[in-house]
Amino acid sequence: MKQEHFVQRHQPEWIAFEHWLDARGVSARKARSERRNWHGLSDAQMPSRYRRLCQQLALARRRGYSPVVTDRLQALMHRGHGLLYRTPAPRWRRAAHFLIAGFPRLVRAERGCMLASFALFWIPLLVIFAAIQWQPELSSSLFDPAQLLQFEHMYDPADPARKLGRDSGTDVAMFGHYVWNNVSIGFRTFASGLLAGIGSIVVLIVNGVMIGGVAGHLQAVGHGDPFWRFVAAHSAPELTAIVIAGGAGLRLGLSLTAPGQRRRADALVEGGRRGALLCVGVLAMLVFAAFVEAFWSSIAWMPAWIKYTVGGVLWTLTAAWLLLGGRHLPAEDVGA
């Protein structure tokens, strides 16, 4: 192929590559801020485009093309190499970026499973709560008398000096207990999705019924105020994390039962990868919920309006984070 035809054929690729280098190579922060308005090559295309450029440079040298062509390709290759193989951002920064932007974007990408998980958890919770207000004796069919007595003791409004939601234990010890309890529930909710999604459905419904039963009983017997003051703050990240873990489990089950055009094994691997990424965010939410539960929620002397205000703020921040976080990211960066 003559040099003129070679240049004419590949010139658009070189120009697009050069535009990407100009836009992305100056400042990473500026590049991230301008991603939404970028209409050139996507970041995911650049490794293959770089390899293609190296092949074109080798071909141009072998064919003895003029230095005008080879020098230009050499310069583009050096710029691309410096950008693609530069030192990556620190792990903590990449982890923070994923939690702030990548995780909520991934949650929204699985909105169907998340909405199904939301319904499977919250509908039983609200139905059981309302049913116990109508017929308080229903709580006896969910819990034995010793358990009901323990719940009432933990949230006794006649004993304002004691810690809410616990019988004993220091804040640090209870923090460890809450982390173990929360994470085990979240992992069980996700992993049971391997049973064709049925496991996650059962775990979500059972958790909704149990939580609604406890809340309904305490409200019915007049112990609602201490209970609501206890759960107001940490319920936002904790219950939301359980719903997300359930949605990840449902996605895992769908990958197994309805792989679409892919092989079942490939669909399961992809579903497991996305589920694992979701579980990273769920883990962070549950650890944060355990911290709030141990060091803030158990304070009994704090006025109710402060507890409810903090709870409202946390519910608002959680909703805003999941609904708005990562909207500046292009589609190929989800879970990157």
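Quick rundown of the values:
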{"item": "Single unsatisfied condition, ARG105 versus (1) under 17 Å from GLN219 (Cα atoms); (2) open to solvent by 40 Å² or more (accessible area, probe 1.4 Å)", "result": "(1)"}
{"item": "Pairs, first at pLDDT 95 or above in the range 105-123, second surrounded by fewer than 21 Cβ atoms within 10 Å (Cβ to Cβ) and outside any helix (DSSP H, G or I), C-beta under 7 Å, six or more apart", "result": "none"}
{"item": "Every residue from the range 184-200 that is open to solvent by less than 60 Å² (accessible area, probe 1.4 Å) and either modelled with pLDDT of 90 or more or part of a helix (DSSP H, G or I) (or both)", "result": "SER184, ILE185, GLY186, THR189, PHE190, ALA191, SER192, GLY193, GLY199, SER200"}
{"item": "Residue in the range 243-258 that is farthest from ASN207 (Cα to Cα), counting only those that are of a type in the set (Val, Ile, Thr) and in contact with a helix residue (DSSP H, G or I) (Cβ under 7 Å, 6 or more places away or on another chain)", "result": "ILE244"}
{"item": "Only one of ALA60, ALA31 that is in a helix (DSSP H, G or I) and at pLDDT 70 or above", "result": "ALA60"}
{"item": "Scan of the range 281-307 for residues that are surrounded by fewer than 16 Cβ atoms within 10 Å (Cβ to Cβ) and within 25 Å of the chain's Cα centre (by Cα), ordered by number", "result": "PHE295"}
{"item": "Some residue of the range 248-257 being touching a Phe, Trp or Tyr at 6+ places or on another chain (Cβ under 9 Å) and either farther than 20 Å from LEU106 by Cα or of a type in the set (A, V, I, L, M, F, W, C) (or both)", "result": "yes"}
{"item": "Scope the range 115-139; condition under 15 Å from the mean Cα position of the chain (by Cα) and either surrounded by fewer than 21 Cβ atoms within 10 Å (Cβ to Cβ) or outside any helix (DSSP H, G or I) (or both); matching residues", "result": "LEU115, PHE118"}
{"item": "So ALA173, is it surrounded by fewer than 21 Cβ atoms within 10 Å (Cβ to Cβ), assigned to a helix (DSSP H, G or I) and in contact (Cβ under 8 Å) with a residue 40 or more places away in the chain", "result": "no"}
{"item": "GLY213, sole failed condition from (1) within 22 Å of the chain's Cα centre (by Cα); (2) open to solvent by less than 30 Å² (accessible area, probe 1.4 Å)", "result": "(1)"}
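The values are calculated or read from the model by the stated rules, or taken from the named source; none is laboratory data. Remember, it's a predicted structure, so these values are computed and weren't measured experimentally. Note that each Cβ is placed from the backbone with ideal geometry, even for glycine, and that neighbours are counted across all protein chains shown. Each accessible area value is taken on the protein alone, full model and side chains, heavy atoms only, with ligands, DNA and RNA left out. Shrake-Rupley method; radii C 1.70, N 1.55, O 1.52, S 1.80 Å.
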